[in-house]
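Novice: Encoded as structure tokens, here's the structure I'll be asking about.
The values are calculated or read from the model by the stated rules, or taken from the named source; none is laboratory data. Note that the coordinates shown come from a computational prediction; the quantities given were computed from them, not determined experimentally. We place every Cβ from the backbone using ideal geometry, glycine too, and count neighbours over all the protein chains shown. The area values use the complete protein model at the heavy-atom level, side chains included, leaving out ligands, DNA and RNA. Shrake-Rupley method; radii C 1.70, N 1.55, O 1.52, S 1.80 Å.
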Amino acid sequence: MWLLLFGGAILLALAGLGYLVVCFHRFSFLTKLGAAHPALSWLCALLPVAALCLLARFNVPTLVVVLLHLPIAFLLCGALALLFEKLTGRAVPYDLRGLCALLLTAVYLTVGWFNAHRVSETDYALRTGKAVEPLRLALIADSHLGVTLDGEGFARELERIQAARPDLVVIAGDFVDDDSSRADLMRACEALGTLETRCGVYYVYGNHDRGYFDSRDFSAGELRRALEENGVTILEDACVPIGEGYTLIGRRDRSNAERMDMEELTAGLDAGRYWIVLDHQPNDYAAEAAAGADLVLSGHTHGGHMFPAGQLGLLMHANDFNYGLTTRGNTSFIVTSGVSGWAIPFKTGTRSEFVVIDIAPSAAE
């Protein structure tokens, strides 16, 4: 289903490319040039599109984003100009409409660039009636090393996380991507090895971590070794006791055919303990709530990444939830937008973040 959406986006972008050439050709100076030199005027109208390709550094996802947004801005400005003319009887010059479309797109995507590259801290406070000690955990997901964060950038974010003094750090998948480099992997894992926590650092795989294509300069085995050699515990359908009164449950990603169902995974666990589930994709809420999980932590959605992708994902039932905190029965679910995102260096539907969660008994002040 997502392949159909991505294919549709590419086709729309190609259509948008042709539409943009027509839009640029309608600027007054090219209209005048076209009266004397038609071929030259169309060639000049192609130049801005060629410049967009260069600015995108031939990054196809980035180029697709620009070619989807700029035509929409031209259409929107055109519609507003027609409305203004209808209400006032005064025509808006095409050049002004075109410049407004360019400015609108530039501002919108600039904000999206900052949303993607500037990582915020999002805090949650949860209470439970179970007999547990207070626990502060930090949640990281979707670093997709190499998109907006290289290894050094990831290390800087870990310094901020360390400053929050978490008892536990969890990584909810998509640590790396198909284009991640070995150098970034090793630097990021080295930084993970410097974290000082009371309860450790734990990780579950995401759908991108094992790679869709054979295009990385490191193997899945090297990824595992780099994490484990730096003190990170990998959970693959495994349960471990954490602190006083907690059980951490790490699930295989739903893309893994060997993944256990939630009922089987939690069979025999002490229901009196507070269960924290790491599940990269937020797709199994009903089963996780029915099994008795207290808290489920996910990433994967990037909080919507590019509007309206998150809303489309919910409409398609690709995810149970898109971003933030929700509850089902006695289970709390948190989905983070992640410290980065896949392929596209913009976020217009959300912002990048890491999450700090404080869990305490209900009687705690």
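Novice: What tally of residues in region 52-83 results from selecting those that are under 27 Å from the mean Cα position of the chain (by Cα) and small (Gly, Ala, Ser)?
Specialist: 2
Novice: Cβ-Cβ below 9 Å, separation at least six or inter-chain, first residue in region 23-45 and farther than 18 Å from Phe74 by Cβ and touching a residue at least 24 places away in the same chain (Cβ under 8 Å), second open to solvent by 80 Å² or more (accessible area, probe 1.4 Å) and among the polar types (S, T, N, Q): which pairs?
Specialist: Pairs found: none.
Novice: Scan region 131-157 and report the pairs whose first residue is under 16 Å from Ile344 (Cβ atoms) and in a loop (DSSP other than H, G, I, E, B) and whose second residue is open to solvent by 10 Å² or more (accessible area, probe 1.4 Å) and among the aromatic types (Phe, Trp, Tyr), with Cβ atoms within less than 8 Å and a gap of 6+ or a chain change.
Specialist: Asp142/Trp342; His144/Trp342; Val147/Trp342
Residue-wise test of (1) more than 14 Å from the chain's Cα centre (by Cα); (2) open to solvent by less than 30 Å² (accessible area, probe 1.4 Å).
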| position | (1), (2) |
| --- | --- |
| Ala293 | yes, yes |
| Gly310 | no, yes |
| Phe321 | no, no |
| Arg328 | yes, no |
| Thr336 | no, yes |
| Val339 | no, yes |
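Novice: For region 42-58, give me each residue that is open to solvent by 20 Å² or more (accessible area, probe 1.4 Å) and either in a helix (DSSP H, G or I) or touching a Pro at 6+ places or on another chain (Cβ under 8 Å) (or both). Outline the logic, then answer.
Specialist: Taking region 42-58 first, the residues open to solvent by 20 Å² or more (accessible area, probe 1.4 Å) are 42-44, 46-48, 50-55, 57-58.
Passing the criteria: Trp42, Leu43, Cys44, Leu46, Leu47, Pro48, Ala50, Ala51, Leu52, Cys53, Leu54, Leu55.
Novice: All but one of (1) at pLDDT 95 or above; (2) in contact with a helix residue (DSSP H, G or I) (Cβ under 8 Å, 6 or more places away or on another chain) hold for Thr327, so report the exception by its number.
Specialist: Of the numbered conditions (1) at pLDDT 95 or above; (2) in contact with a helix residue (DSSP H, G or I) (Cβ under 8 Å, 6 or more places away or on another chain), the odd one out for Thr327 is (2).
Novice: Then there is this: Sort out which residues of region 290-323 are in contact with a helix residue (DSSP H, G or I) (Cβ under 9 Å, 6 or more places away or on another chain) and closer than 21 Å to Thr247 by Cβ, and write them in order of number.
Specialist: Answer for region 290-323, where residues must be in contact with a helix residue (DSSP H, G or I) (Cβ under 9 Å, 6 or more places away or on another chain) and closer than 21 Å to Thr247 by Cβ: Ala290, Ala291, Gly292, Ala293, Val296.
Novice: While we're here: Can you tell me how many residues in region 145-178 are within 25 Å of Arg252 (Cβ to Cβ), open to solvent by 10 Å² or more (accessible area, probe 1.4 Å) and of a type in the set (Val, Ile, Thr)?
Specialist: 1
Novice: A further question follows. Kindly indicate whether Gly272 is out of contact with any strand residue (DSSP E or B) (no Cβ under 9 Å at 6 or more places or on another chain) and open to solvent by 10 Å² or more (accessible area, probe 1.4 Å).
Specialist: Values: out of contact with any strand residue (DSSP E or B) (no Cβ under 9 Å at 6 or more places or on another chain): yes; open to solvent by 10 Å² or more (accessible area, probe 1.4 Å): yes.
For Gly272, the condition - out of contact with any strand residue (DSSP E or B) (no Cβ under 9 Å at 6 or more places or on another chain) and open to solvent by 10 Å² or more (accessible area, probe 1.4 Å) - is met.
Novice: So which residues in region 112-128 are open to solvent by less than 80 Å² (accessible area, probe 1.4 Å) and not in a strand (DSSP E or B), if there are any at all?
Specialist: Gly112, Asn115, Ala116, His117, Val119, listed by residue number.
Novice: Residues of region 131-144 being in contact with a helix residue (DSSP H, G or I) (Cβ under 8 Å, 6 or more places away or on another chain) and either at pLDDT below 95 or surrounded by fewer than 22 Cβ atoms within 10 Å (Cβ to Cβ) (or both), which ones?
Specialist: Looking only at region 131-144, we keep the residues that are in contact with a helix residue (DSSP H, G or I) (Cβ under 8 Å, 6 or more places away or on another chain), and these are 138, 140, 142-143.
Of everything in region 131-144, nothing turns out to be in contact with a helix residue (DSSP H, G or I) (Cβ under 8 Å, 6 or more places away or on another chain) and either at pLDDT below 95 or surrounded by fewer than 22 Cβ atoms within 10 Å (Cβ to Cβ) (or both).
Novice: Among the numbered criteria (1) over 20 Å from Asn319 (Cα atoms); (2) open to solvent by less than 50 Å² (accessible area, probe 1.4 Å); (3) in contact with a strand residue (DSSP E or B) (Cβ under 8 Å, 6 or more places away or on another chain), which single criterion is violated by Gly211?
Specialist: The single condition Gly211 does not satisfy is (3).
Novice: While we're here: Residues in region 38-47: is at least one within 33 Å of the chain's Cα centre (by Cα) and within 30 Å of Gly341 (Cβ to Cβ)?
Specialist: Among the residues of region 38-47, not one is within 33 Å of the chain's Cα centre (by Cα) and within 30 Å of Gly341 (Cβ to Cβ), which makes the answer no.
Novice: Is one or more of the residues making up region 79-95 of a type in the set (Phe, Trp, Tyr) and over 23 Å from Thr31 (Cβ atoms)?
Specialist: Filtering region 79-95 down to residues of a type in the set (Phe, Trp, Tyr) leaves 84, 94.
Filter once more, so that each one left must be over 23 Å from Thr31 (Cβ atoms): none.
No, the conditions are met nowhere in region 79-95.
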